[in-house]
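As structure tokens, the structure follows; a few thoughts come after it.
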Amino acid sequence: MKKLSFVSLYVLRLTIGNVLGLVTTTIDLAVAVKDSLSDMAKTILNQLIADKEKFEPMVNYPRRSELTLQIKALNTDRKNRLAEIKRIVKLNLKGRDEAKKKAAQTLNFFFEKSWDIVNDPQNSASGLISALMQNYRADAGLAAAAAVIGVDGFLTEFENCNMQFDTLFKQRLAEDAAHELSATNQMSTVCNSYNEFCTVIEQAANFSPNNDILTLFKNMDELRKNYRGLLPKGKGPAEPDPVK
């Protein structure tokens, strides 16, 4: 009699969502005939269920950092602050007070190419603003001009707002990287448990078959064929077929 063998499926090459779908359906099929499984198969199935339950929230409910709203608010705040500084400078350019007009001209010349800096990509804008303010701080004439028209305090607040934004933005990047690593690691764990379950079911179908086991094998094999069609085109990373 020909030995039964699952169609090869490189599970780790599936997307995170497809791995969850494959594992979830496999568990549903197996739970329906759990009483017909061996003790070893039940143990491996229970492990697969436990690993899937840890993995599922990472896929269906992606983490939304509470920092996002704070970052959005700070980005809006720094835009508004720079807009207010620009408004005051432009207003004084048109004024009759010669001292303030001259100070405004000095500041406008310095900031003229940077008035729209906050419209750059958020992370890029942070670095550009930081460099801009360092140059501003290094020029005593600019600081004096800002004091003349009363925007020195506004510029300090703008600088502080940008530093807060940059700190939180980098913190969120670090959190996102940690979350992605955690999800990737859990996906690997789920795939390993799935492969182990496939192995034990294949062995059961060949060495201790019954109607439930054979039906489960057939359904799992059809499922593998379906998901095989979802693999990305082209050659993937070297990965041995988990089920021989």
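We did not get these values from a lab; they are worked out from the coordinates using the rules stated. Everything numeric here is computed off the predicted structure, so don't read it as measured data. So basically every Cβ, Gly included, is an ideal-geometry build from the backbone, and we count neighbours across all protein chains shown.
Quick notes on this one:
- Projecting the Cα atoms of LEU214, TYR10, ALA204 onto the dipole axis of the chain, where Lys and Arg carry +1 and Asp and Glu carry -1 at the beta carbon, places TYR10 farthest toward the positive end.
- Over all other residues within a Cβ to Cβ distance under 11 Å of TYR194, the charged ones net out to 0, with Lys and Arg as +1 and Asp and Glu as -1.
- Here LYS90 is the anchor, and the aspartates and glutamates within straight C-alpha reach of less than 17 Å, apart from those fewer than 8 places off in the same chain, are GLU98, GLU112, ASP116, ASP152.
- In degrees, nearest ten, helix 211-228 long axis to first principal axis of the chain (Cα): 40
- Span from the segment 168-183 Cα centroid across to the segment 1-73 one, whole angstrom: 23
- Basic side chains Lys and Arg get +1 at the Cβ, acidic Asp and Glu get -1 at the Cβ, and with that the dipole of the chain about its Cα centre reaches some 840 debye.
- Between SER38 and ASN226, full extension at 0.36 nm per residue minus the direct alpha carbon distance yields a gain of 65.0 nm.
- Reachable aspartates and glutamates, given that their alpha-carbon falls under 15 Å from the alpha-carbon of LYS72 and they are not under 8 places away in the same chain: ASP120, ASP166
- Computed per residue of the chain from DSSP H runs no shorter than four, each worth -39500 (n - 2.57), the mean residue ellipticity at 222 nm is -25500 deg cm²/dmol.
- Both the radius of gyration and Dmax for segment 139-224 are 30.9, 91 Å, in that order, over alpha-carbon atoms.
- Computed FRET value (nearest 0.05) for ASN119 with SER182, which takes r as the C-beta separation and R₀ as 30 Å: 0.30
- Assuming charge only on the beta carbon of Lys and Arg (+1) and of Asp and Glu (-1), the dipole of segment 1-125 about its Cα centre is about 780 debye to the nearest 20.
- Per-selection Rg to Rh, segment 67-175 - Cα, Kirkwood hydrodynamic radius: 1.02
- Check: segment 67-175 dipole with +1 on Lys, Arg Cβ and -1 on Asp, Glu Cβ, in debye: 340
- Projecting the Cα atoms of ALA146, ALA99, ILE27 onto the dipole axis of the chain, where Lys and Arg carry +1 and Asp and Glu carry -1 at the beta carbon, places ALA99 farthest toward the positive end.
- The chain: angle of helix 140-149 to the longest principal axis, Cα-based, in degrees nearest 10: 80
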